[in-house]
Every structure is written in C-alpha cells, then in structure tokens.
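Structure first, commentary second.
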Amino acid sequence: MKQRKQYIINKKFQLKTTFSLIAIIFVIVAIIIAAIGVNAAYNNKKLINIIQIQDNIVEALIAYSQSPHDSDQKLAIQNIANDHVKNITTIKEIIQMNNLLLLIIVAFVILQGLILYFVLIRKTHKIAGPIYVMSNYFNDIIKGTIPNPRPLRKNDELQDFYELFVKMVDAIRSRQEGK
C-alpha cells in the first residue's frame with residue numbers, strides 16, 4: 001500500500017480534534033504551572049526579604065564592631081559577616097534555580113505541545129484517511145459508478161466500518177449486474 005505524504009486530509013476534523021485536545025492539556029498544565037509559579041515567586045519574595053533583613057543585621061553588627069570592643073566580639077562579628085555572605089550567595093542561587101526550573105517547565109510544555117500536535121495529526125490521519133476514501137466512493141455511487149474499493153492501510157482506523165461499506169458496495173454491484 002502506498003504511503004501518503006499528506007497527513008492533513010480532512011483539515012476541519014483533524015485540526016479541530018488536535019487543537020481541542022492540545023487546548024485541554026495546555027489549560028491543565030497552565031493551571032499547574034501557575035500554581036508552581038505563584039509558589040516560586042512567593043518563595044523568592046520571602047528569600048529576597050530575608051536577604052534584606054540579614055543585610056540590615058550584618059550592617060548593624062559591622063557598625064557596632066567599629067566602636068572599641070574586645071577582639072573576641074570583633075572576631076565573632078567578622079565570622080557572622082562571613083557566614084552572612086555565604087548565606088546570601090546560597091539564597092541567590094536558590095532564587096536563580098527557582099527561575100530556571102520555571103523556564104524549564106515552560107520549555108517542556110511547549111515541547112510537549114509540539115509532540116502532541118504531530119502525534120495527534122498522525123492519529124487523526126488514520127481516521128480521516130478512511131473517511132476520505134469512503135467519501136470518494138460515495139460520490140462515485142451518487143454519480144452512478146460502482147467503485148472497486150481497495151483495502152485500507154493496515155494501521156488505519158475504522159476497519160470494521162470499512163468492511164461493512166465494502167459489503168454494501170458489493171451488494172449494490174450484485175443487484176446492478178442482476179438487472
């Protein structure tokens with residue numbers, strides 16, 4: 001059986017079916033991404049607030065360490081300042097990772113949409129193809145010509161329906177030949 005190069009046979013049916021399913025999936029995914037995004041944005045906002053509070057605390061400690069105190073206090077304040085810098089760096093990395101994860105999710109959803117589009121077009125092609133073939137045969141019958149139906153491709157859908165259609169065409173042919 002000859003392999004078709006044109007996958008969109010019944011544009012209205014195939015695109016409507018494909019885009020309806022993709023739209024449903026995108027709405028569900030958009031809700032999930034929105035929930036994740038809102039949560040990540042909220043967490044990022046809290047982390048930025050923590051950074052500001054920590055900066056204020058460390059600045060106050062550094063200002064306090066400038067006044068004459070014992071060296072142990074200055075060392076403790078310096079250790080706090082060093083830990084603060086490490087913590088701020090870690091928090092900023094977490095914020096960047098949250099943003100990166102959101103971008104990865106969005107990219108994955110777009111890729112998923114493209115894959116779904118091609119899979120659904122191929123699947124609907126296996127339905128639209130037999131309908132297209134039978135529609136042409138119906139037109140032949142309407143014009144008074146009895147077609148010689150060819151078999152459908154092995155992986156086409158509607159095989160049982162097509163077999164019934166072929167029996168109908170054979171019955172019409174038998175009646176016409178009997179006249």
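The values are calculated or read from the model by the stated rules, or taken from the named source; none is laboratory data. Just so you know, these numbers come straight off a predicted model, no measurement behind them. We place every Cβ from the backbone using ideal geometry, glycine too, and count neighbours over all the protein chains shown.
Numbers for the structure displayed
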item: Ile115 vs. criteria in contact (Cβ under 8 Å) with a residue 24 or more places away in the chain and either over 26 Å from the mean Cα position of the chain (by Cα) or under 30 Å from Val29 (Cβ atoms) (or both); result: no
item: Identity of the residue in the range 1-47, part of a loop (DSSP other than H, G, I, E, B) and more than 15 Å from Thr124 (Cα to Cα), that ends up modelled with the highest pLDDT; result: Gln3
item: Test: residue in the range 56-75 that is of a type in the set (A, V, I, L, M, F, W, C) and modelled with pLDDT of 85 or more; result: no
item: Pairs where the first residue, in the range 15-32, is over 15 Å from Ala128 (Cβ atoms) and the second is of a type in the set (Gly, Ala, Ser), C-beta under 8 Å, 6+ apart; result: Ile22/Gly113; Ile25/Gly113; Phe26/Gly113
item: Residue within the range 97-113 that is under 28 Å from Lys11 (Cβ atoms) and exposed (fewer than 14 other Cβ atoms within 10 Å of the Cβ) present; result: yes
item: Filter pass, Ala107 being free of Cβ contacts under 8 Å to residues at least 24 places away in the same chain, of a type in the set (A, V, I, L, M), outside any loop (DSSP other than H, G, I, E, B) and under 26 Å from Ile22 (Cβ atoms); result: yes
item: First in the range 132-150 and within 13 Å of Val166 (Cβ to Cβ), second anywhere and modelled with pLDDT of 90 or more and among the polar types (S, T, N, Q), Cβ under 9 Å, 6 or more apart; result: Pro147/Asn136
item: The range 33-61: number of residues that are more than 20 Å from Leu101 (Cβ to Cβ) and either loosely packed, with under 15 Cβ neighbours inside 10 Å or touching a residue at least 40 places away in the same chain (Cβ under 8 Å) (or both); result: 8
item: Close pairs from the range 71-98: first under 16 Å from Ile53 (Cβ atoms), partner among the aliphatic types (A, V, I, L, M), Cβ under 6 Å, at least 6 apart; result: Ile80/Leu61; Ala81/Val58; His84/Val58; Ile88/Ile51; Ile91/Leu47; Ile91/Ile51; Ile95/Leu47
item: Residue count, the range 134-158 (criterion: over 30 Å from Phe26 (Cα atoms), in contact with a helix residue (DSSP H, G or I) (Cβ under 8 Å, 6 or more places away or on another chain) and surrounded by 13 or more Cβ atoms within 10 Å (Cβ to Cβ)); result: 8
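Residue-by-condition table, conditions (1) farther than 19 Å from Gln112 by Cβ; (2) touching a His at 6+ places or on another chain (Cβ under 9 Å):
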residue	(1), (2)
Lys5	yes, no
Ile8	yes, yes
Leu15	no, no
Phe19	no, no
Ala30	no, no
Ala40	yes, no
Lys45	yes, no
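Residues are listed down the side, and each one gets a yes or a no for (1) among the hydrophobic types (A, V, I, L, M, F, W, C); (2) in contact with an Asp or Glu (Cβ under 8 Å, 6 or more places away or on another chain); (3) part of a helix (DSSP H, G or I); (4) at pLDDT below 90:
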| site | (1), (2), (3), (4) |
| --- | --- |
| Leu101 | yes, no, yes, yes |
| Thr124 | no, no, yes, yes |
| Leu164 | yes, no, yes, no |
| Glu177 | no, no, yes, yes |
